[in-house]
Amino acid sequence: MSRSYSKPIAFGLLGSISLIGLYLGIVRVGSASWPHTVDLLVTDWYLVAAVATGFGIQMGLFTHLRQVLRQNGGVRSATAMAAGGTATSTTSMVACCLHHLAEVLPIIGLSGAAVFFTTYKVPVILFGLATNGLGIGIMLRAIRRHTRAVRTSPRPSPRVSPQGGTPMLPAIGYEVGRETLQLHISGMSCASCVSSIEGAVGNLPGVARVTVTLTAGTASVEYYPGTVTPAQIKKTIRDLGYEAAERLDGAAALDREREARQREITRQGRWMLVAWPLGFLVMLGTFQAMWILPRFVPEVLGNRLVLFALTTPIVFGPGLQFFVNSYRGLRLGVADMNLLYATGIGAAYLIAIINTFWPDAGFGGPQATFYEAAALLTAFIILGRYLEALTRGRASEAIRKLMSLQPKIARVVRDEAEIEIPADEVEVDDLVLVRPGERIPVDGVVLDGYSAVDQSMLTGESMPVEKRAGDEVIGGTMNKTGAFRFRATRVGRETALAQIIKLVEDAQASKAPIQKLADLVAGKFIFWVHVLALAVFLFWFFLGYDVFFSPQTRLMLTPYTLAGVGVFGFALLISVAVLVISCPCAVGMATPSAMMAGTGKAAEHGILFKGADAVEAASRLTAIIFDKTGTLTRGEPAVTDIVPAPGGDVAGLLGLAASAEVNSEHPLGEAIVRGARERGLAVGPPESFEAVPGRGVIARSAGRDVLLGNRKLMADRAVAIDAITGEAERLEGEGKTVMFLAVDGRPAGLIAVADTLKPNSIQAVGLLRRFGLEVAMLTGDNRRTAEAIARQLGIDQVLAEVLPQDKASEVQRLQGAGHRVAMVGDGINDAPALAQADVGMAIGSGTDIAKESGHVVLVKDDLRDVVTTIEVARATMRKVKQNLFWAFVYNAVTIPVAAGLLYTRTYLVVSPEMAAFLMAISSLTVTLNTTLLKRFVPTLRLRPEPKPAGGALAPVAGGQS
Amino acid sequence: MNAGLIGTILALAAAVIFAAAASGSTPVARYGGAAWVFILMWIILMPMLAPWLRRRRMREP
């Protein structure tokens, strides 16, 4: 037997046996004994056998279908069909089991059900067998179709798209170019809208991929031109009831987004003006006879016809949008939140009308008109929409702030005249003038003038940065004190600000892995809620009402007693409450709203996440690897120690050495000259100079013969350095390069040079260790130097002598040990390692953001931003988890309550308006919780900056006297 | 045949089965319940049928 069939057969047998077990278990519960149970089984063995066999066949087919799909790329529709088949099959099983229970239900007091299943034994059996057969048929068809599709494909094709033939083309050796359409969408209110649009657009022929982001209000559609047009895509979205327009850049996008949001706020605000006053009157009318209200509220307001007249404009005014949108959605095969609202409002309104005009119909009679349910339900939903429109605008505040930095006007010199032109018309190499208090229009290099520029909005640097000739300036930053002229180097979409905006937009439009789960839940939610509402209705209609209904029944938080309500009214009320209370809005908003706030917060500090997945990955890091040179250290040697021979002095020693090296082009010589100048020493030219390759220099300066070099130079010239060799060895042990100085043939001392640590490196590493991260350092340097640097930083794990091409494999090695690794590097040399890491952080990119690799770009050259990155990511993910927790808890608690789980104890039914109120509260909880992220302040902002650590920044140390 | 029609037929079938099963109830409960079952079934079926039919149509030569 083929191995590929063994698993389906095993699962099929397991399914049959499980079902027989289930049958026996259920029947045994209600029967007197096991012998009685077996008697029942023997009596109806043919039925049990048919059902169990059918179920087994279905299980086997389903398993086989999954195998086929998994091996060949998968077809979503076929999986859905198979799942549907299994669902119908399972329904048939339950139906058949219930039929059997007809004989035992009276034993446990369920006589109503017993009567039902005995009376309708034949339809129940037929229904069970029919659905079983249907399920088998569906799956056989799916398997046949997929097998045929695979046979016609010459080689394993990529995921076969349901949209049509285009994806088959790669299989026969051709590629079709895709295009991407970026859209701005308004009118979305929750995750089900995302799911609706993704479903409807995704089903269009020629659409390869569609990603909709709720909080950003954007959609990115990849499509095959020629098969589908942008106009068709936009029309499909508009048919669903949303506004779709192609995304613009910069200020135009800002204006359009603001206009669209304002329109939505105005529209819902206007409907609130209708819904709330009328809803309030309906509520007063409903409660007219209660408490002290009879003294203030005229009796006529409680008249059912008046209530009908007041409620109707609400349902067909503000409420009409839900009916229209749900109809449009259903036409395209999409069930969204509008449908829940429409069914909820429609059902409450319908019951009210029936109880008004046909009071004896069995819906609770004239005393239970529910007008206030329809009215307040509409009012609460409109309020929710209004609040969402307001808060969604606030969520994208970071981008708006960045966009508002773009100046509209630039002052340039053209034809020797100073003119003002729109900032987006500045060209590369234009000469631009900036006065105090003005924003710099584009990126460039200062030609003349001097000023201090506030770059805090882009880089997070708190202090203004001095700018003089030769310095780079960034467009969008604020010129503070002086005036200067600069040459434009990057304009339009190339400027740092435009790149930052794009990066933040892309990050906010992307989806984190955790969001995909939430979207999946929210997207399928509406469908399953309707299935649940139907199941709840059928249960309470056929079984629950007869068994559990009590005349004490009341609607929660309303004056109604439901003593007179009939079976239909009761089951319908509970079914409607389930529909209304099951709002996936909070689930859908939980992740994107927190991601938007988190990435925006990070951007304020000059930290640019390239996607929401980077935020999630950064929050889960366990190890962090720093590239040494240029990341932890400055990447250029500097004088660290000056040790004069007994009787000598530091300044004299350094002055002589600098003078000898002033004409040198060797990096160590340059470091000594720079060190002398930094200490305010005048460095004059030597009278003579000779470089000795591999040894050092021989010079004559200030009338003295100077030798500066290594031991070999000293040995060649017979200079005895024994007195200072011990000190030299100590410094070399710290990874420093030591140069001996001899003056007039006698040892004068030594100078140590080393790559020095960047400011804040020690503080950043210390904090990361405190966060529980394993910190490692990666370098191509020799182990002794690397370990010396690591000791200063407090890093235990040193990966030394690693060739540039092997850096990625070192990252991989740590990942193999189970770590989630971040790599911090300069973004260009370390590109493979940054790409290999779970999170690659490119540090110190400055304005050249587009060139950077890695998942996170740190604009400033400040290691403390690595700490802030992890803090922001953790805070964001904490918020995401809190939001998801509240959203899921809300649904997990409220849905069973609405379905009547507690009814048998409390005799309370959730009213539709109560359900609407709870639904609004859940969305509000998530939104408010997210806004708390705005108060997040990184630890390093709360602490004063430490003074430079001795080993890292001290210009001279060791034997300095 | 379009999704709306198929959905309507299937939902009607479900409503008829409901009405048959609820023959012991009052006419309001029986037919009102059948109407509610029809609405919910139609809502449940449409999102399944519309994409399914569209894909099926796309595959036909």
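The table below lists the values:
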item: Per-residue ³J(HN,Hα) for the range A:775-791, Karplus 6.51 cos²θ - 1.76 cosθ + 1.60, θ = phi - 60°, Hz, x for Gly and Pro; result: 9, 10, 10, 10, 7, x, 5, 5, 4, 5, 5, 4, 5, 5, 5, 4, 4
item: Spacing of the two label points (7 Å from each Cα toward its C-beta) at residue A:445 and residue A:813, in nm; result: 4.1
item: Long-range HN-HN contacts of residue A:911 with modeled amide H, under 5 Å; result: A:556
item: Per-selection Kirkwood Rh - the range A:720-821 (Cα, Å, 1 d.p.); result: 15.9
item: Hits among aspartates and glutamates - C-alpha to C-alpha of residue A:610 under 14 Å, sequence gap 8 or more where chains match; result: A:505, A:506, A:838, A:852
item: Most to least packed among A:342-348, A:50-56 [average Cβ atoms within 10 Å]; result: A:342-348, A:50-56
item: Residue mean of other protein chain beta carbons inside 10 Å, A:529-542; result: 4
item: Relative packing of peptides A:422-430, A:496-504 - highest average C-beta neighbours within 10 Å first; result: A:496-504, A:422-430
item: In nm, spacing of pseudo-spin labels at residue A:901 and residue A:463 (7 Å Cα→C-beta vector); result: 5.9
item: Nearby aspartates and glutamates by direct alpha-carbon distance to residue A:408 (threshold 12 angstrom, same-chain neighbours under 8 apart not counted); result: A:420, A:424, A:425, A:438
item: Under 13 Å from residue A:881, Cα to Cα: aspartates and glutamates that are on another chain or at least 8 residues apart; result: A:616
item: Exercise: per-residue mean of other protein chain Cβ atoms within 10 Å, B:18-28; result: 5
item: Tail beyond 18 Å, pair distance distribution of the range A:634-685 (Cα, percent); result: 25
item: Where N is the number of residues in the range A:629-715, Cα Rg divided by 2.2 N^0.38 Å; result: 1.09
item: Label-to-label distance, nm, for residues given as residue A:531 and residue A:239 (7 Å Cα→Cβ offset); result: 2.6
item: Other-chain or far-sequence residues with amide H under 5 Å of residue A:855's (modelled H); result: A:840, A:841, A:842
item: Shielding by partners, peptide A:349-359 (average Cβ within 10 angstrom, other chains); result: 1
item: Efficiency of FRET from Cβ geometry, residue A:179 and residue A:932, R₀ 45 Å, rounded to 0.05; result: 0.65
item: For the range A:921-937, 3J(HN,Hα) per residue [Karplus equation, 6.51 cos²θ - 1.76 cosθ + 1.60, θ = phi - 60°, Hz, x = Gly/Pro]; result: 4, 5, 5, 5, 4, 5, 5, 5, 4, 5, 5, 5, 5, 4, 7, 5, 10
item: Tail fraction, Cα-Cα pairs, the range A:441-493, threshold 13 Å, whole percent; result: 53
item: Vicinal HN-Hα couplings computed from phi for the range A:495-504 (Karplus, 6.51 cos²θ - 1.76 cosθ + 1.60; Hz; Gly/Pro x); result: 5, 4, 4, 4, 5, 5, 4, 5, 5, 5
item: For residue A:181, residues with placed amide H under 5 Å, excluding near neighbours; result: A:221, A:222, A:223
item: Over the range A:540-662 - Rg/Rh using Cα atoms and the Kirkwood inverse-distance radius; result: 1.59
item: Relative packing of A:533-542, A:652-661, A:744-753, which averages over residues the other C-beta atoms within 10 Å, highest first; result: A:652-661, A:533-542, A:744-753
item: GluC sites (Glu not before Pro) restricted to DSSP loop in the range A:742-832 with at most 15 other C-beta within 10 Å; result: A:801
item: Cross-link pairs beyond the 19 Å C-alpha cut-off, checked among A:628/A:736; A:758/A:860; A:234/A:524; A:712/A:736; A:234/A:401; A:502/A:628; result: A:234/A:524; A:234/A:401; A:502/A:628
item: Estimated dipole of the range A:538-631 in Debye, rounded to 20 [Cβ of Lys and Arg +1, of Asp and Glu -1, Cα centre]; result: 120
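Quick note: the coordinates plus some simple rules give every number you see, no bench work behind them. Treat the numbers as computed from the prediction; the structure is a model and nothing was measured. Backbone-built Cβ (ideal geometry, glycine too); neighbour counts: all protein chains shown.
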